[in-house]
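Enquirer: I have a structure I would like to understand better, so I am pasting it below and will then ask my questions one at a time.
The values are calculated or read from the model by the stated rules, or taken from the named source; none is laboratory data. As the structure is a prediction and not an experimental result, all values here were calculated from the model. Cβ atoms come from the backbone with ideal geometry, glycine included; neighbour counts cover every protein chain shown. Side chains included, ligands, DNA and RNA excluded: accessible areas come from the protein's heavy atoms. Shrake-Rupley method; radii C 1.70, N 1.55, O 1.52, S 1.80 Å.
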There are 2 protein chains.
Amino acid sequence: MKITFPDKNVREYAPGTTGLDIAKSISEGLARKVLAARVNGEVRDLARPVDSDAAIEFLTWDDTDGKSTFWHSSAHLMAEALEHFYPGVKFWVGPPVENGFYYDVDLRGKTISNEDFSKIEAKMKELAKQKNAYVRKEMPKEEAVRYFSDKDDEYKLDLLEGLEDGQITFYTQGNFTDLCKGPHIPNTGLIKAIKLMNVAGAYWKGDDSNKQLTRLYGVTFPKQKDLDEYLAMLEEARKRDHRKLGRDLSLFMFDDDVGPGLPLWMPNGAVIIDELEKLARQTERDAGYVRVRTPHIAKESMYKTSGHLPYYADSMYPPMEMEGERYYLKAMNCPHHHKIFGHMNASYRDLPIRLAEYGTCYRYEQSGELFGLMRVRSLQMNDAHIYCTEEQFAEEFRAVNDMYLRYFRIFNIDKYVMRFSTHSADKLGKKYVDNAELWLKTEKMVRDVLVESGIPHVEVADEAAFYGPKIDVQVWSAIGKEFTIATNQVDFAQPGRFGLEYRNSKNEMETPICIHRAPLGTHERFIGFLTEHYAGNFPLWLAPHQVSILPISDRFNAYALRIHGLLNNSDIRSLIDRRDEKIGRKIRDAELQKVPYMLIVGEKEEQEGTVSVRQHRQGDAGTRTIDLFISDLKAEIQRQTSV
Amino acid sequence: MKITFPDKNVREYAPGTTGLDIAKSISEGLARKVLAARVNGEVRDLARPVDSDAAIEFLTWDDTDGKSTFWHSSAHLMAEALEHFYPGVKFWVGPPVENGFYYDVDLRGKTISNEDFSKIEAKMKELAKQKNAYVRKEMPKEEAVRYFSDKDDEYKLDLLEGLEDGQITFYTQGNFTDLCKGPHIPNTGLIKAIKLMNVAGAYWKGDDSNKQLTRLYGVTFPKQKDLDEYLAMLEEARKRDHRKLGRDLSLFMFDDDVGPGLPLWMPNGAVIIDELEKLARQTERDAGYVRVRTPHIAKESMYKTSGHLPYYADSMYPPMEMEGERYYLKAMNCPHHHKIFGHMNASYRDLPIRLAEYGTCYRYEQSGELFGLMRVRSLQMNDAHIYCTEEQFAEEFRAVNDMYLRYFRIFNIDKYVMRFSTHSADKLGKKYVDNAELWLKTEKMVRDVLVESGIPHVEVADEAAFYGPKIDVQVWSAIGKEFTIATNQVDFAQPGRFGLEYRNSKNEMETPICIHRAPLGTHERFIGFLTEHYAGNFPLWLAPHQVSILPISDRFNAYALRIHGLLNNSDIRSLIDRRDEKIGRKIRDAELQKVPYMLIVGEKEEQEGTVSVRQHRQGDAGTRTIDLFISDLKAEIQRQTSV
């Protein structure tokens, strides 16, 4: 039989050769690290024989599916250890998750606490060292039902109910057997590093009228070093948690009388917002955008026109009923912008028209979903809508993309991926606007721009918006935490629904295409991201206080005030620590507040008209004249935003 | 008897001397122009005798009460003319109003149209020339009832029902007699200039289930010149109407699907908003304010704490009910700011804390009350709350006042009055917070600042806010139209209700005083005012487009684009008129759009690297190099905001 590899190489093997043997035929090194194989698109155990011509890709720890298989096998390993300590334990499901795996188990009255973790981990390690193979067995459904009926296992019987005959597979490693569709890694010996993370309650099938099961989370790695790094990253992420830093640095607050998910931005946070808006304003102005301002509410009729009502009603705040009308808080700015475009009587000479606004939208998120600044109910969006002709589309889209890239440079975002969601031809007119030609044409234009500019991207079929292809932007913070921060959408539908038109060069009315874009996402999520990305050590231009002036004693308050005035005149944000404290304490507190520069001023400095500069986390930075310090800082601020 | 005049002069007269004779005794000039007299505080006919010692002030056209009396007498004159043309007409009420007077009349099936105005005006003039005296007559109520019963006049009989016996007075001039409490001017001869303005329907007693009467508006003056000026001012005001200019200059729009009273700011209007916010940001930063951002909604509980609910509920949008809570759109920013102050753990060293925000508030105004940008439902307020100690109050208040004055200079507002509303001692604990000492102390501090700084102000007793004295700022536009644009309030109550505290120097917790201030009012009203004040000819720094580049032909588009880029780099807002039109047409359109500078570019300019400058409404301003033009404009922009 012919086996085709990802590099298009083709080799011949005897039918019935296993995946692992094929891997060995390539190299022993590969065979040692391979976890599973993708055979004609399906992820399978390496031990399964391949019977006829096939395309094969070997999956390792570096592949998402390889990792998932590893963690799923680890869940089985944990189950084996649990059966050892809790005989009679019953198992529901044990899937891999974003970072590890869990198993929902019925301990039949017993409990697990964090203190039990080490003994379970030790047992898992012991079982792992046995290098027990994960053995697959197929059986008829009735046999499987008989097996679990004998074990009196209502959970697996419930799972079996949903399965068709002929598809039932079991996996056994060591003394543990589970109903499981697989796939699994070859043997437990690959699991070298093991850590149980957390234990929690979880209602069976997520229904709170059902019994509560115990959900035990764990994470495993093929090397101890990977686990050590992961735990260090978690510790760093804990320190960088934007909720904690938000409190420590007084960036924002929540209040019960205002409501959940509605951040109030304190002065320090408002500085960051103002700086981001200034950056957006300048960037957008240079790119030919104009700004608008629109109300935060509109009548029901507007959202019926847009189609948000009734379909999106669950994500909106409930209406206010007044004068026989229903008013809604806006959940998006587009309809308001469409109204303005509609009022502009644009001709082809005026296009593209790019309307920008930091509009605050309100969306209903379940209380349980709210999370710091990441999931909120009020969203200040760096929104804009570009109205253009089909001919202008590619150029506009490219310009939007360039804007994203520029922002990534400014914010030192090195790792990002654009997730490009396209339509599915068989759902035209149902899930997607029925204009096959326009879909293909636009998607091609988007794809070309992404490919030409070399931007990392993945294309995902059948996940576009109803009205056009979309791009979600995923970025990774300095410590590798992933965030989805921005979107960019093409829209063929809304302009038509709103009756938007422009006069073309033939003096006919035509409907423009609309691009929705929000490169900085929302202030809420973006500042949450930046806080974690920078660990609160905001770059100079974003820092709430850029300079802390620390007089050595009361006698130098006047000099401190003079410096403060000079800095203020140069648009540099400073504060004076006038407390009756030792200079060491003042420095320590300024460091805790992560103020980029500290100026220590005493007798010598006052006499010479200088400042003793300390840089945050760097220490002493020498003595400079005030003028030189100011010009240095202005240059540093300038450099950071002019990437 | 002794008569005391406003200048404290006292003269003796025989009891029974009329006001007119007293005026004559002072000067014939005064007697010719005096309209009524204020005798011991009561405005009275000049013909009425004064019987005992009294303080007298003579009222002329320059006094509000003199003017009102003149217009009320004019209403009677109009009634006389109406009775001539419409025998049997019945009269309801005919009061003076802000600019003139009206009379509500029952024409008994007949109608009046604008075409009838001139004949009525002519008749009024004829009757005026007769110099008929307004003769006052008192009679018992029963006699009055009999009189109007005989005339079958249900309107006056209805009026009589509300009057007490012994108070009934009639006035007669020429052939017209009316039930009227007066006072009136001496005779019709003083009315020299007459203009009927408008005719409208008006339900009897304002109740739409009653009969509709005809309301006829007029205005009169003691000199023809005054009327001419007034009509010219009206014509100018019509041209300056911000609703008309808002359309012509594409500043803002309304939309039925968004809702009444909710302006959408188009790109040109958004520029003005952005410039105003920039000015406020800089001004407030220099004055030690910090900025915050707060959501547009809050729970009912917050507005119960503030006391806005239930008392202010009618002025708020109705609630949104969600998760068993009621959320309200904010009608003011104070409660959100109080929450932030409450979160700041302030010590006396941190005070004053000045929290500023251009927060958008929503207030319910009756549909019928909505008027362009002047009465709206969404309000972007230049808001700030200053939290300070009692000792700091006077200084803070003075600084706020200085900020108002600076803004007046920047916006060329020459005429303004601060209307200072104080409490009333007998309403402490009812209409006003019960702290007599603090009221007196604060009012004195406010008064002292107003007096010392020489600011024009009037003091009005018993019109303070519940929680402290307030100042409303009235300004007059360039053509003398009055606007109330800003407020400044002292607040002793809210900080206590919100439990706000700071740690004083004795380490005890103390409640701060709060100053609410909004020197630029709302964007809506302030930009409405500025539009009329400048007649849309915004000063350079505020102009939506500062420069219009007019290439003589297509060939110079590239040069135009280069200039556009250079202007943009210097933060100067320009646009290029690329239409295939003659240069004359381009100039005319730029003039209509009131763009401050036009740059005409053709062959010569391109070769020499120059621009031919035209200034709006000034014409040719010579040829300059691009660099010089840019530096001139930057200097002009700088000058205008640095007053």
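Enquirer: On the basis of being within 18 Å of A:E532 (Cβ to Cβ), more than 9 Å from every other protein chain (Cβ to nearest Cβ) and assigned to a helix (DSSP H, G or I), does A:A280 make the cut?
Expert: no
Enquirer: Any residue at all in the range A:10-26 that is crowded, with 19+ Cβ neighbours inside 10 Å, of a type outside the set (A, V, I, L, M) and not in a loop (DSSP other than H, G, I, E, B)?
Expert: Checked against the condition, which is being crowded, with 19+ Cβ neighbours inside 10 Å, of a type outside the set (A, V, I, L, M) and not in a loop (DSSP other than H, G, I, E, B), the range A:10-26 yields at least one hit.
Enquirer: Got a number for residues in the range A:80-90 being out of contact with any helix residue (DSSP H, G or I) (no Cβ under 6 Å at 6 or more places or on another chain) and crowded, with 21+ Cβ neighbours inside 10 Å?
Expert: The number of residues fulfilling the criteria is 1.
Enquirer: Kindly indicate whether A:Q130 is without any contact (Cβ under 8 Å) to a residue 60 or more places away in the chain and touching a Gly at 6+ places or on another chain (Cβ under 7 Å).
Expert: So A:Q130 passes the test.
Enquirer: Additional query: Being at pLDDT below 95, open to solvent by 30 Å² or more (accessible area, probe 1.4 Å) and away from chain B (no Cβ under 14 Å): is that true of A:E508 here? It would help to see each step written out before you state the result.
Expert: On the way: at pLDDT below 95: no; open to solvent by 30 Å² or more (accessible area, probe 1.4 Å): yes; away from chain B (no Cβ under 14 Å): yes.
For A:E508, the condition - at pLDDT below 95, open to solvent by 30 Å² or more (accessible area, probe 1.4 Å) and away from chain B (no Cβ under 14 Å) - is not met.
Each row is one residue, and each column tells you yes or no for (1) at pLDDT below 95; (2) closer than 21 Å to B:N198 by Cβ; (3) in the same structural domain as B:D226 (by TED's automatic domain parsing).
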| residue | (1), (2), (3) |
| --- | --- |
| B:G100 | no, yes, yes |
| B:N114 | yes, yes, yes |
| B:E121 | no, yes, yes |
| B:Q130 | no, no, yes |
| B:P140 | yes, no, yes |
| B:K151 | yes, no, yes |
| B:G166 | yes, no, yes |
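Enquirer: Considering only the range B:292-339, how many residues are closer than 17 Å to B:D491 by Cα, facing chain A (nearest Cβ under 7 Å) and open to solvent by 10 Å² or more (accessible area, probe 1.4 Å)?
Expert: Number satisfying all stated conditions: 2.
Enquirer: Still on this model: Tell me which of these A:R243 doesn't satisfy, since it passes every other one: (1) of a type in the set (K, R); (2) open to solvent by less than 30 Å² (accessible area, probe 1.4 Å); (3) closer than 30 Å to A:G100 by Cα.
Expert: Every listed condition holds for A:R243 apart from (2).
Enquirer: Tell me, which residue of the range A:254-272 that is under 23 Å from the mean Cα position of the chain (by Cα), facing chain B (nearest Cβ under 8 Å) and under 16 Å from A:G536 (Cα atoms) is surrounded by the fewest Cβ atoms within 10 Å (Cβ to Cβ)?
Expert: It comes out as A:G269.
Enquirer: Take the range B:45-79 and flag every residue that is among the aromatic types (F, W, Y) and open to solvent by less than 10 Å² (accessible area, probe 1.4 Å). Give the steps one after another, and end with the answer.
Expert: Step one: of the range B:45-79, the residues among the aromatic types (F, W, Y) are B:58, B:61, B:70-71.
The answer is B:F70, and nothing else.
Enquirer: In the range B:546-580, what count of residues is obtained for those that are open to solvent by 10 Å² or more (accessible area, probe 1.4 Å), within 19 Å of A:A287 (Cβ to Cβ) and either in the same structural domain as B:I273 (by TED's automatic domain parsing) or not in a loop (DSSP other than H, G, I, E, B) (or both)?
Expert: Of the residues in the range B:546-580, 10 are open to solvent by 10 Å² or more (accessible area, probe 1.4 Å), within 19 Å of A:A287 (Cβ to Cβ) and either in the same structural domain as B:I273 (by TED's automatic domain parsing) or not in a loop (DSSP other than H, G, I, E, B) (or both).
Enquirer: Just need a number here: residues in the range A:177-203 that are surrounded by fewer than 18 Cβ atoms within 10 Å (Cβ to Cβ) and assigned to a helix (DSSP H, G or I).
Expert: Qualifying residue count for the region: 1.
Enquirer: Could I ask something else about it? Filtering the range B:583-609 down to residues that are part of a strand (DSSP E or B) and open to solvent by 10 Å² or more (accessible area, probe 1.4 Å), which residue is farthest from B:R247 (Cα to Cα)?
Expert: Of the residues in the range B:583-609, the ones part of a strand (DSSP E or B) are B:597-601.
Still in the list and also open to solvent by 10 Å² or more (accessible area, probe 1.4 Å): B:597, B:600.
Working: B:Y597: 21, B:I600: 27 Å.
Going through the qualifying residues, I end up with B:I600.
Enquirer: Any idea which of B:E98, B:E115 is out of contact with any helix residue (DSSP H, G or I) (no Cβ under 9 Å at 6 or more places or on another chain), of a type outside the set (S, T, N, Q), without any contact (Cβ under 8 Å) to a residue 12 or more places away in the chain and within 29 Å of B:G29 (Cα to Cα)?
Expert: B:E98
Enquirer: Count, please, the residues in the range A:156-176 that happen to be open to solvent by 50 Å² or more (accessible area, probe 1.4 Å) and among the polar types (S, T, N, Q).
Expert: Adding up the residues that qualify gives 2.
Enquirer: If you check B:R409, B:R398, which single one turns out to be closer than 30 Å to B:A543 by Cβ, in the same structural domain as B:G496 (by TED's automatic domain parsing) and open to solvent by 60 Å² or more (accessible area, probe 1.4 Å)?
Expert: Just a single option satisfies the conditions, and that option is B:R409.
Enquirer: Within the range A:350-363, is there a residue that is within 13 Å of chain B (Cβ to nearest Cβ), in a loop (DSSP other than H, G, I, E, B), in contact (Cβ under 8 Å) with a residue 24 or more places away in the chain and under 22 Å from the mean Cα position of the chain (by Cα)?
Expert: Scanning the range A:350-363, I find at least one residue that is within 13 Å of chain B (Cβ to nearest Cβ), in a loop (DSSP other than H, G, I, E, B), in contact (Cβ under 8 Å) with a residue 24 or more places away in the chain and under 22 Å from the mean Cα position of the chain (by Cα), so the answer is yes.
Enquirer: What is the one condition in (1) in contact with a Ser or Thr (Cβ under 8 Å, 6 or more places away or on another chain); (2) surrounded by 17 or more Cβ atoms within 10 Å (Cβ to Cβ) that B:Q130 does not satisfy?
Expert: Exception for B:Q130: condition (2).
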